[in-house]
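This report refers to the structure that appears directly beneath it.
The values are calculated or read from the model by the stated rules, or taken from the named source; none is laboratory data. Since the model is a prediction, treat every value here as computed from it, not as a measurement. Here the Cβ positions follow ideal geometry from the backbone for every residue, glycine too, while neighbour counts run over all protein chains shown.
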């Protein structure tokens, strides 16, 4: 099963590309948080406000008030507060289920359930961008995502520049297991010099993060690096509307 899953992921990466040109007037950086652990708002929110930055939060309605990766998840009041503060709310399926584990009908039901759940709590808000749970993508899932959303964000490292796949945008992980291996300043400089788009995703934010989270100092460093490189910092949906040609 693992070998088959890997083949499906690789097929999604290299086949059925819906190519678009990433061509901003200047380099862009976008920050996102997946699943929305509680601390992605309670700890990260004040840091974002201090920097005057808006991010994208990819929500799974089925995780509300629950636990994931041994961390408490967001509550409805957190989602409403971050939305009111001007952050983007995007879709991450309803139950945080890998698309490898869903057929087309199950995926449709999950997306519709999440859309209805969010709209009921955010005054009819319609999510326009999507992030794949676990970064898993398939050819079938990409087609569904392209029909329902402006883009799908994956977890493949790299700067988006030139021709890119609208159904599987690259993104780096602001995760304690990944951050030590990145030269963040070089990646920011690359995005600036290539007039590209660097997106990043995180999860929990605390002094003792999970392997998938980062510390407050990590987050502050990333934002300072983006500013230092002269990148424009925008939520994913807003960036996409501005830079895709």
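Numerical summary
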read-out: Number of positions in the stretch 180-216 that are out of contact with any helix residue (DSSP H, G or I) (no Cβ under 8 Å at 6 or more places or on another chain), on the phi < 0 side of the Ramachandran plot and surrounded by fewer than 21 Cβ atoms within 10 Å (Cβ to Cβ); value: 13
read-out: Options 147, 218, 204: the member that is farther than 19 Å from residue 129 by Cα and over 14 Å from the mean Cα position of the chain (by Cα); value: 218
read-out: Condition check for residue 53: surrounded by fewer than 24 Cβ atoms within 10 Å (Cβ to Cβ), touching a residue at least 60 places away in the same chain (Cβ under 8 Å) and over 16 Å from the mean Cα position of the chain (by Cα); value: no
read-out: Residue in the stretch 64-79 that is without any contact (Cβ under 8 Å) to a residue 24 or more places away in the chain, under 24 Å from residue 240 (Cβ atoms) and out of contact with any helix residue (DSSP H, G or I) (no Cβ under 6 Å at 6 or more places or on another chain) present; value: no
read-out: Residue in the stretch 230-242 that is under 19 Å from residue 50 (Cβ atoms), over 17 Å from the mean Cα position of the chain (by Cα), in contact (Cβ under 8 Å) with a residue 60 or more places away in the chain and assigned to a loop (DSSP other than H, G, I, E, B) present; value: yes
read-out: Search result, residues across the stretch 26-44 that are surrounded by fewer than 19 Cβ atoms within 10 Å (Cβ to Cβ) and either at pLDDT below 90 or touching a strand residue (DSSP E or B) at 6+ places or on another chain (Cβ under 8 Å) (or both); value: 26, 38
read-out: All positions within the stretch 103-113 that are surrounded by 19 or more Cβ atoms within 10 Å (Cβ to Cβ), free of Cβ contacts under 8 Å to residues at least 24 places away in the same chain and more than 20 Å from residue 69 (Cβ to Cβ); value: none
read-out: Leading residue by the ranking (farthest from residue 161 (Cα to Cα)) among those in the stretch 10-25 that are out of contact with any helix residue (DSSP H, G or I) (no Cβ under 8 Å at 6 or more places or on another chain) and assigned to a helix (DSSP H, G or I); value: 10
read-out: Selected residue (criterion: farthest from residue 175 (Cα to Cα)) from residues of the stretch 56-68 that are surrounded by 22 or more Cβ atoms within 10 Å (Cβ to Cβ) and over 11 Å from the mean Cα position of the chain (by Cα); value: 61
read-out: Selection status of residue 166, in contact (Cβ under 8 Å) with a residue 40 or more places away in the chain, within 23 Å of residue 69 (Cβ to Cβ) and buried (at least 17 other Cβ atoms within 10 Å of the Cβ); value: no
